[in-house]
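A short write-up of the structure that comes next.
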Amino acid sequence: MQPFTALAHPNIAFIKYWGNRNDALRLPENGSISMNLEGLETRTTVHFDTSLRSDDVKIDGKKAGGIAHARVGRMLDEVRALAGIRHFAWVESENNFPTGTGIASSASAFAALALAATKAAGLDPFPCGDNGTSSGRPGVLPGGHNFDLATLSCLARRGSGSACRSIPGGFVEWAAGTGDADSYAVSIAPPEYWNLTDCIAMISTTHKLTGSTEGHKIAGTSPLQSGRLVDAPRRLGICRHAILNRDFAAIAEIMEEDSNLMHAVMMTSRPPLFYWQPATLAVMQAVRVARAKGLPVCYTIDAGPNVHVICTCAAAEETAKLLANIPGVRKVRLAKVGGPARLVENPSTYSH
Ligand code: DP6
């Protein structure tokens, strides 16, 4: 069988996923909306090989064991079952950004793995080639089921919830769905639809203490989570509308409200989760002051201390300068709106 390499971008959620109604299948309590991040990427190569006695997984040049290996193995098991093959696989995955710091590396990782593994197993979510767009001729699974982009997004979701949003390109919505088959993400607008930039204020590059998977499990222990969930359709509606109308004032307000709500739930869970550092709050305050003075900027924060400062591309340079001058901000990384997960040439470094 042939090796295949896929590239996927991480994404930043404007309306967050926090809490599952089914942890094993990663069926979320609420829908979410995100933007893919261009320039940040995971590249993953998968090769199913008859000579192997177990799956061999390398992440950023290091052999993976424990939970990371088991999580990759579970996705490979699903792909083997879908394709009707039994071979083990070599998996080699590289990120061009630090993992575990509030840039969702699991999103791009499991999106790239889902695409590379299905292709390497002989399934074909993109039968037309390598540009990540479907030809409208989905691959056919043994048993006659279609294998299409929705199925690929569902597969990625079961690896890491937010990964389903890194399969389509641009601005993406993941519908909570009614079950496993209809909880997947679709593009609501292509990357070029709205020239936004994410200026990521990097405050720490060390691994976070409590990962999202553990966080989702305790979201329901916060008395605030039920209020957050009841109000989710309103926030989703405002966010979707703001994207489609390129309405920065509207997206700024709803994005910050949604991030604040999620962190309020995190801080009031049992045990409480505090992801912010003093510099996180300093950035939030500076962003609000700058917006009040007319700069089109707003913030959103994932499960880590770094702040994603979203602005128009025209305001990116000024925003990056402002952030770089805030004490505690180590670096500012810029990302425009990214495309879908796609197949790429096998890297020359690939070896096993
Ligand atoms: C705060 O997708 O990382 O970034 O499904 O356990 O892998 P797992 O969780 P994950 O959760 C993302 C949480 C978030 C918000 C978001 O991206 O929507």
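The values are calculated or read from the model by the stated rules, or taken from the named source; none is laboratory data. Since the structure is predicted, the reported quantities are computational estimates derived from the model, not experimental observations. Cβ sites come from the backbone with ideal geometry, for glycine too, and all protein chains shown count toward neighbours.
Residues to consider are GLY84, GLY66, GLY61; find the one that is under 26 Å from ARG333 (Cα atoms) and more than 21 Å from the chain's Cα centre (by Cα).
Step by step, each of GLY84, GLY66, GLY61 is checked, and only GLY61 is under 26 Å from ARG333 (Cα atoms) and more than 21 Å from the chain's Cα centre (by Cα).
Being hydrophobic (A, V, I, L, M, F, W, C), part of a helix (DSSP H, G or I) and either surrounded by 13 or more Cβ atoms within 10 Å (Cβ to Cβ) or within 12 Å of the ligand (Cβ to nearest atom) (or both) is the filter here; which residues of region 221-241 pass it?
Within region 221-241, LEU229, ALA232, LEU236, ILE238, CYS239 qualify.
Enumerate the pairs (first residue in region 109-126 and over 12 Å from LEU82 (Cα atoms) and in contact (Cβ under 8 Å) with a residue 60 or more places away in the chain; second residue anywhere and basic (Lys, Arg) and surrounded by fewer than 24 Cβ atoms within 10 Å (Cβ to Cβ)) with beta-carbon separation below 6 Å, excluding pairs fewer than 6 apart on the same chain, so at least 6 apart or on different chains.
Matching pairs, first to second residue: none at all.
Look through GLY169, GLY144, GLY139 and report the one residue that is modelled with pLDDT under 95, more than 14 Å from the ligand (Cβ to nearest atom) and touching a Pro at 6+ places or on another chain (Cβ under 8 Å).
Being modelled with pLDDT under 95, more than 14 Å from the ligand (Cβ to nearest atom) and touching a Pro at 6+ places or on another chain (Cβ under 8 Å) holds for just one of GLY169, GLY144, GLY139, which is GLY139.
Picking from GLY328, GLY304, GLY338, which residue would you name as being of a type outside the set (Phe, Trp, Tyr), within 16 Å of the ligand (Cβ to nearest atom) and touching a Pro at 6+ places or on another chain (Cβ under 9 Å)?
None of the others qualify; the one that does is GLY338.
What are the residue pairs meeting all of these: first residue in region 236-259, first residue under 9 Å from ILE15 (Cα atoms), second residue part of a loop (DSSP other than H, G, I, E, B), Cβ atoms under 7 Å, and 6 or more apart or on different chains?
Final answer for the pair search is LEU236/GLY31; ASP258/LYS16; SER259/LYS16; SER259/ILE301.
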